[in-house]
Amino acid sequence: MDKKILVATLYLKDGKPVRNYRDLTPIGELQSYAKIYNDSGIDKIFVFDLSDDDDEHAKNIEAIRELNRMIDIPTCGGGNLRRMEDVKKLIYAGCKQIMFNAAKGGCIDLARMAADRYGKDRILVSVHNVDFIFKNQEEMNELFHEVLVMDESVLDAVDNLSNTPYVVLYDGSDFAEIYALLERENARGICGALFNDPQTDIMQYKTNLDEAGLWMDNFKPEIQWAQLKKNSDGMVPCVVQDYRTDEVLMVAYMNEEAYYKTLSSGKMTYFSRSRNELWTKGLTSGHLQYVKSLTADCDYDTILAKVSQVGVACHTGSPTCFFNEIVKKEYVEKNPLKVFENSYQSLMDIKTNPKQGSYISELFDKGLDEMLKKLGEETTEVVIAAKNPNPEHIKYEISDLLYYLTAMMVETGVTWEDVTKELAQR
């Protein structure tokens, strides 16, 4: 049996989230939903472009791009797919999968072209009734990785006509009904109002479904509490890092209850030695820490937690508890991403505050075309260096190319985080 997933759904109108495809009432800012869904335990997001014209279509595509920049979980994009160019736009905007609408004419032909180009595992289809599946049984297995069934009442017919896995849309909240839907052999997941609601405790819901007998994508520890070595107080220290930057945020302690509460809730929970009580970080302040990973050290006596930090980690208002410098020796930063980011920031400063007599300032002043010309020259220098192999020469020319490439990124508003995220998706 495959893991079952819980899917959130976002509908975009004029670049903003709305309630659903029938009710276009705005429901808040995209950034807040992105953050909540990314950290709460949602496994995937269906995001639909409800645009009526090309201008709005472009605005929604840009909103989807921004969404994918903010989150780590996969998205499936759909809506207003009329040609392969629309499919490509969603792929370039960071969507892992594409959702076709069975009710739209030409769906099969366009899906076939998309599957040929991007692979069947990236192609999904939404169906409101079984007519489409009945008429296209062969194509269902050939073209579609997954189906979104928009009406749970047709599931028996869907199961009889196709073996393609599906996610079912269910707008109720009855636990027994949700369990029954997910228990079906071909059911891969479920979506609906309950899982769109930011107030739903997704990780706890997964734990409840798991305990009821389903295999959910939640935290199941490889190491049990009994295997960890405790200190004299019966606790284990936990070092907490930001999962994106690796910055050390704080140190706290866990007892057994805190350990398993952290696993079931997906939120960092500790034991306060001063208050002699369990505490979930940020429960009162809002500065929650969502678990991304927990790792034990070689002696099993310390836990390293990588988290998504909401707000700040320190009660003083500092992003990290570690800010009281004791000693410091200057060093050359060699972490590749930090080097790129530092170079980017340096070039951004030069662009903002031009330096008299600086070649790169002049390049920024001349504009993008001149910058692209310089980039072409540097690319050629790399090619020449590679044809006459000398590691030192190649290294020098690549460094020049990357420097001017970074300048072009500053000019066009693309960051190294954008690039590394795109590379990570490939």
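Taking every Cα-Cα distance in the stretch 57-162 and sorting them into 10 Å bins from zero, the calculated P(r) comes out as 15, 46, 30, 9, 0 percent.
About the Cα centre of the chain, what is the dipole size in debye to 20, counting +1 per Lys and Arg Cβ and -1 per Asp and Glu Cβ, all else neutral? Kindly include the intermediate steps, with their values, before the conclusion.
Values: 49 positive and 69 negative charges, 144 e Å.
It works out to roughly 700 debye.
Within the chain, antiparallel bridges make up roughly 35 percent of the DSSP beta bridges whose residues both belong there. Computed per residue of the chain from DSSP H runs no shorter than four, each worth -39500 (n - 2.57), the mean residue ellipticity at 222 nm is -12500 deg cm²/dmol. Working note: Karplus 6.51/-1.76/1.60 with θ = phi - 60° gives the stretch 328-342 the couplings 7, 10, 5, 8, 8, 5, 10, 5, x, 5, 5, 4, 4, 5, 5 Hz, where Gly and Pro are set to x.
Roughly speaking, to the nearest percent, how much of the stretch 313-364's 1.4 Å accessible area is carbon and sulfur?
Numbers: 2330 of 4170 Å².
The value for the stretch 313-364 is 56 percent carbon and sulfur by accessible area.
Among the lysines of the stretch 76-186, pairs at least eight places apart or on separate chains and with Cα atoms under 18 Å apart come to 5. Projected label points at I394 and M348, each 7 Å from Cα along the beta carbon direction, are separated by 3.2 nanometres.
Can you give the extra length, in nm with one decimal, that the chain gains between T380 and V327 once fully stretched, where that is 0.36 nm per residue apart less the Cα-Cα distance?
Working: separation 53, 0.36 × 53 = 19.08 nm, distance 4.56 nm.
Value of the extension gain: 14.5 nm.
Under a 5 Å amide H cut-off, with hydrogens placed 1.01 Å from N, A313 pairs with T320 among residues at least 5 apart or on other chains. One decimal place: the segment S293-R22 gains 93.7 nm when fully extended, by the rule 0.36 nm per residue minus the C-alpha distance. Under 5 Å between amide hydrogens, built in the peptide plane, is the criterion, and for N20 it picks out T25 among residues at least 5 positions away or on other chains. Applying 0.36 nm per residue to the separation of R184 and R273 and subtracting their alpha-carbon distance, the gain on full extension is 27.4 nm.
Taken over the C-alpha atoms, the stretch 1-109 has Rg and Dmax values of 13.5, 44 angstrom.
Once R0 is set to 35 Å, what does the formula 1/(1 + (r/R0)^6) return for the Cβ-Cβ distance between D171 and T420, expressed as a FRET efficiency to the nearest 0.05? It would help to have the intermediate numbers written out before the result.
Values: r = 38 Å, r/R0 = 1.07.
For D171 and T420, the calculated efficiency is 0.40.
Please report the relative contact order for the stretch 176-305, taking Cα pairs under 8 Å with a sequence separation of at least 6, and give it as a percent rounded to a whole number. Before the final figure, lay out the partial values.
Details: 166 pairs, mean separation 25.1, N = 130.
RCO, the stretch 176-305: 19 percent.
First compute the accessible area of the stretch 181-243 with a 1.4 Å probe, then give the percent of it belonging to carbon and sulfur atoms.
Numbers: 1350 of 3000 Å².
So the carbon and sulfur contribution to the accessible surface is 45 percent.
Straight-line cross-link partners of K366 among the aspartates and glutamates, defined as a Cα under 20 Å from its Cα and at least 8 positions apart when in the same chain: D349, E377, E378, D400, E411.
Return the equivalent ellipsoid semi-axes of the chain as a descending list in whole Å, where each equals the square root of 5 times an eigenvalue of the C-alpha gyration tensor.
39, 36, 20
In straight-distance terms, cross-link reach from K4 covers every one of the lysines whose alpha-carbon lies under 16 Å from its own, apart from those fewer than eight places away in the same chain; here that gives K44, K206, K220. Computed from phi, the 3J(HN,Hα) profile of the stretch 281-292 under the Karplus parametrisation 6.51, -1.76, 1.60 (θ = phi - 60°) reads 4, x, 5, 9, 7, x, 8, 5, 10, 8, 5, 10 Hz, with x in place of Gly and Pro. Computed over protein heavy atoms with a 1.4 Å probe, the accessible surface of the chain works out to 53 Å² per residue. Scanning residues 5 or more positions from S126 or on other chains, those with amide H under 5 Å from its amide H are F100, N101, A102, L148, with H placed 1.01 Å from N in the peptide plane.
Contact order, relative form, for the chain: 10 percent (alpha carbon pairs under 8 Å, 6 or more residues apart, mean separation divided by residue count). The phi torsions of the stretch 383-390, fed into the Karplus equation with coefficients 6.51, -1.76 and 1.60 and a -60° offset, translate into couplings of 4, 5, 5, 5, 6, 10, x, 9 Hz, rounded to whole numbers, with Gly and Pro shown as x.
The values are calculated or read from the model by the stated rules, or taken from the named source; none is laboratory data. Being a predicted model, the structure only gives us computed values, none of them experimental. Positions of Cβ are generated from backbone atoms using ideal geometry, with glycine treated the same way; all protein chains shown enter the neighbour counts. Only protein heavy atoms, including side chains, enter the accessible area calculation; ligands, DNA and RNA are left aside. Shrake-Rupley method; radii C 1.70, N 1.55, O 1.52, S 1.80 Å.
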